[in-house]
Each structure stands twice: as structure tokens, then as C-alpha cells.
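First up is the structure itself, then whatever we jot down about it.
The values are calculated or read from the model by the stated rules, or taken from the named source; none is laboratory data. Nothing here was measured: the structure is a model prediction, and the numbers come from that model. Cβ sites come from the backbone with ideal geometry, for glycine too, and all protein chains shown count toward neighbours. Note: accessible area is taken over every heavy atom of the protein model, side chains too, but ligands, DNA and RNA are not part of it. Shrake-Rupley method; radii C 1.70, N 1.55, O 1.52, S 1.80 Å.
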Amino acid sequence: MTAPIAADQILRVPLLPVLAAQAISVRRNTQLLPEPSGPRQGREGRGPRLRLLIAGDSSAAGVGAGRQQQALTGFLVARLACHYSVEWRLEATTGHTTQDTLERLNRLEGSYDAAVTALGVNDVTRGVSRQKFTALQTQLLDHLTSKLGVRRVVVTAVPQMNRFPALPQPLAWALGRQAARLDQGLQKAAATFPQAQHLSLEFPDDPALAAPDGYHPSPKAYRLWAEAAADLLHQR
């Protein structure tokens, strides 16, 4: 059955000229930050073996941090290494959608005990529907848990794009509503896998949590995110 059209989707129609102009302006004026330097795989810590995979888009890749040690992977591995011998691998690229990540992981060999995913922003900006996004995330989780053997998956929520400092209104509102819709689909997909747990990040309104581009997390935000993800993995 086709889902009913939401009120914000109807209101976007008369706003299309404004939204399009703002989107073009954001692309032209937003500072383009590189992915951080540093290794994309390694081993750290002592204790039981934990094979960890981090996969996703620019936030998973650590854009907004200067080095991987200041990004999600660095903070996450450092925290988990207090309890485990962590063998980790980062598979993330700026601009990647869920479809891109699924294709990337289809080429990945080996098996993993735990995974953290971070996707959704590029699905929002590419106009992926909630139904399609839910289906793709379900495929991704199936691949992680069946083909790669992952027993614990932390599925990071689709970011609240209405809170991105780089986005003006009403563009922030329109993208924020679509991001919330996709996150509902993400929660639905995660709920069908006992190995998966949805991680909702509720950060305070602190300018220090945003990178200079107003679009990505800062090292401070990456630390908070990593701590929340590590706590979920360790609990399970």
C-alpha cells in the first residue's frame, strides 16, 4: 500500500524555487573538508578478539576531523581497546549512499564480530524514498549479519539535518523532515534483525559540536558518538 503524502511533502511544491536556489547556494559556498589522514585498518588493545567494521559516508570517514584519531573510528577503537583486542577496518567514503556502501561491502572479504554504520544524509539529498531506503538498509543489514558474520551492529540514526548550521531555512526544514522519515525506515529495518540496535544521537545545541563547514561533526561530536556506540557494543 502506498504511504500517504506528508504535509511537508505537499508544502515543498510551492517552495521548490526557493529550495533549489538555496541548495545551489549551499553547494557553492559550503567549505569542502577532506577526509582525515591516518590508517583505515589496524589492531589495538588487549583482551578478547573483536573484529570491528565501520562503514558509511563522510561522517563515518571522519570528515570534520584532521586525523582519524580525532574521528569516529579513532575514538571508538580507543574506547573498545580498553576491553578487547580490536582488529578494525574503516570502509567509508564521502558522498556514499546506502546503495554505494552495499556495493562496496559486497566486494569485502573476511568476517567481523561487530559493525557500526553511518548513512542517510546522501540518501536524503539524492531523493531516495523511505520505502527504497528501508529496503536498502534491510539488504545492508542482511549482508552484514549473514555474509560477513556480524553479531552486533550499531545502526547510527540518520542525522537531524534541520540542525545543520550550514543549511538555511526553509531548506533545513525540508531536508530535516525527509531525514526524519528515512530514520523511521531505518528503525524499522533494524528492528527486524536481533543483531542490530538503532543509535539515536541527541546532541545539545553546542556550536563546538559542528565542524567548520557546518555540515559535519567536530572531533568533540565524534567523541560523544563513539562513546555511545562503544557502550552499546560493550553491553551486547
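The table for this structure:
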item	result
Computed E for Glu109/Gln184 - FRET, C-beta separation, R0 35 angstrom, nearest 0.05	0.55
Straight-distance crosslink candidates among lysines, where the alpha carbon sits under 16 Å from Lys132 and sequence neighbours closer than 8 are dropped	Lys188
5 angstrom amide H check on Arg51, placed H, neighbours 5+ away	Glu87, Asp113, Ala114
Rg/Rg_ref, the chain, where Rg_ref = 2.2 N^0.38 Å and atoms are Cα	1.00
CD proxy at 222 nm, helix term only [per DSSP H run n ≥ 4: -39500 (n - 2.57); per residue of the chain; nearest 500]	-13500 deg cm²/dmol
Taking the convex hull of Cα positions in the range 163-210, its mean projected area over all directions (nm²)	4.0 nm²
Per-pair calculated FRET efficiency, R0 = 22 Å: Asp213 and Ala21 via Cβ, rounded to 0.05	0.65
Å² per residue, accessible surface of the range 140-232 at 1.4 Å	43 Å²
Directionally averaged projected area (convex hull, Cα atoms, the range 121-236), nm²	7.5 nm²
Table column - 3J(HN,Hα) (Hz), the range 30-46, Karplus curve with 6.51, -1.76, 1.60, x for Gly and Pro	6, 5, 8, 9, x, 5, x, 6, x, x, 9, 7, x, 9, 7, x, 9
Alpha-carbon centroids, the range 158-183 and the range 9-64: separation in whole Å	14 Å
Longest segment of the chain lacking GluC sites (Glu not before Pro) that sit in a DSSP loop with at most 15 other Cβ atoms within 10 Å	1-108
Relative contact order of the chain, defined on C-alpha pairs under 8 angstrom at six or more residues apart (%)	22 percent
Built amide H within the under 5 Å cut-off of Ala210, gap 5+	Ser218
Intensity falloff of the range 76-189 expressed as log10 I(q)/I(0), Debye formula with alpha-carbon point scatterers, at q = 0.13, 0.14 Å⁻¹	-0.54, -0.62
Hz values of 3J(HN,Hα) by residue in the range 126-133 - Karplus curve (6.51, -1.76, 1.60), Gly and Pro given as x	8, x, 5, 6, 4, 4, 5, 4
Order of exposure, largest accessible area first, which applies to Ile5, Ile24 with probe 1.4 Å	Ile5, Ile24
Accessible surface, 1.4 Å probe, highest first, among residues Ser129, Ser58	Ser129, Ser58
Note, ³J(HN,Hα) from phi for the range 78-90, Karplus 6.51, -1.76, 1.60, rounded to Hz, x at Gly and Pro	4, 6, 5, 5, 6, 10, 9, 8, 8, 9, 10, 8, 10
Residues with amide H under 5 Å from that of Leu199, placed H, sequence gap 5 or more	Val155, Thr156, Ala157
The chain, accessible surface, carbon-and-sulfur percent (1.4 angstrom probe)	53 percent
Residues of the range 150-173 with amide N under 13 Å of the 7 Å Cα→Cβ point at Asp8	158-164, 169-173
